[in-house]
Amino acid sequence: MSLLQKKQFLIVITSFFFVFSGFVSASEQRWIKPMDPVGQVTNASQVFQETYNQKDAEKLGHFYAKTATLKLDQNPSVHYRDNIVQAWRAGFEQGVDNLQLEPIEIIRTGFRKVVETGNYVLTINTPDGAIQQTGSYTVLWRVHPFGIKPPKIIFDVVNAN
């Protein structure tokens, strides 16, 4: 093999190595990180809290599956995304203000299911001043096995203390 052929061979091998290492790095970013269902739900829960505190019922609706159920303490269950959006909108109009979530446990319970449990503090503005409601919550999330779609809330239960 001539010196020119050796240089060309090394260039081809080096190019292949860089291209392949870039592919592996990109595939790790695209597939491995989003596949973690617990991480997906942890992030989604944080964004849910931020969206809630913006008092945007429409954007909150994007967190729920079309056939989701919301069960607020001492109230009848609300079924389907559109009705859940209306329920959150009514709450905001009645003075519900700031939500602080404290997740206690986020566990994968199935191939496409993750359960989040925790405590919350909710500030409600009343004519007599702001009050704080505390309680617990349990949320059943549906996750996409490869992280291609964002997690969706299937069932959301809130219990006031």
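Here are the numbers for the structure shown:
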item: Residues located in region 121-148, provided they are closer than 18 Å to residue 46 by Cβ and not in a strand (DSSP E or B); result: 143, 147
item: Count of residues meeting criterion [closer than 17 Å to residue 159 by Cα and either touching a residue at least 12 places away in the same chain (Cβ under 8 Å) or among the β-branched types (Val, Ile, Thr) (or both)] in region 50-78; result: 7
item: Residue that is nearest to residue 142 (Cα to Cα), among those in region 72-88 that are part of a loop (DSSP other than H, G, I, E, B) and open to solvent by less than 60 Å² (accessible area, probe 1.4 Å); result: 77
item: Matching option when the condition is open to solvent by less than 80 Å² (accessible area, probe 1.4 Å) and either farther than 18 Å from residue 63 by Cα or in a loop (DSSP other than H, G, I, E, B) (or both), among 110, 91, 118; result: 110
item: Test: residue in region 150-159 that is surrounded by fewer than 15 Cβ atoms within 10 Å (Cβ to Cβ), at pLDDT below 95 and farther than 17 Å from residue 106 by Cα; result: no
item: When residues of region 97-145 are limited to those that are farther than 21 Å from residue 77 by Cβ and small (Gly, Ala, Ser), the one nearest to the chain's Cα centre (by Cα); result: 110
item: Residues of region 106-153 classified as of a type in the set (A, V, I, L, M) and in contact (Cβ under 8 Å) with a residue 60 or more places away in the chain, total; result: 7
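For every residue, the table says whether it meets (1) at pLDDT 95 or above; (2) in contact with a Pro (Cβ under 9 Å, 6 or more places away or on another chain); (3) among the hydroxyl-bearing types (Ser, Thr, Tyr).
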residue: 61; (1), (2), (3): yes, no, no
residue: 67; (1), (2), (3): yes, no, yes
residue: 72; (1), (2), (3): no, no, no
residue: 96; (1), (2), (3): no, no, no
residue: 107; (1), (2), (3): yes, no, no
residue: 125; (1), (2), (3): no, no, no
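Quick grid of which residues meet (1) among the aromatic types (Phe, Trp, Tyr); (2) part of a helix (DSSP H, G or I); (3) at pLDDT below 95; (4) surrounded by fewer than 17 Cβ atoms within 10 Å (Cβ to Cβ):
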site: 21; (1), (2), (3), (4): no, yes, yes, yes
site: 27; (1), (2), (3), (4): no, yes, yes, yes
site: 35; (1), (2), (3), (4): no, no, yes, yes
site: 45; (1), (2), (3), (4): no, yes, no, no
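The values are calculated or read from the model by the stated rules, or taken from the named source; none is laboratory data. A quick note: this is a predicted structure, and the numbers were derived from the prediction, not measured. Here Cβ is always computed from backbone atoms with ideal geometry, including for glycine, and neighbour counts include all displayed protein chains. Heavy atoms of the whole protein, side chains included, go into the accessibility calculation; ligands, DNA and RNA do not. Shrake-Rupley method; radii C 1.70, N 1.55, O 1.52, S 1.80 Å.
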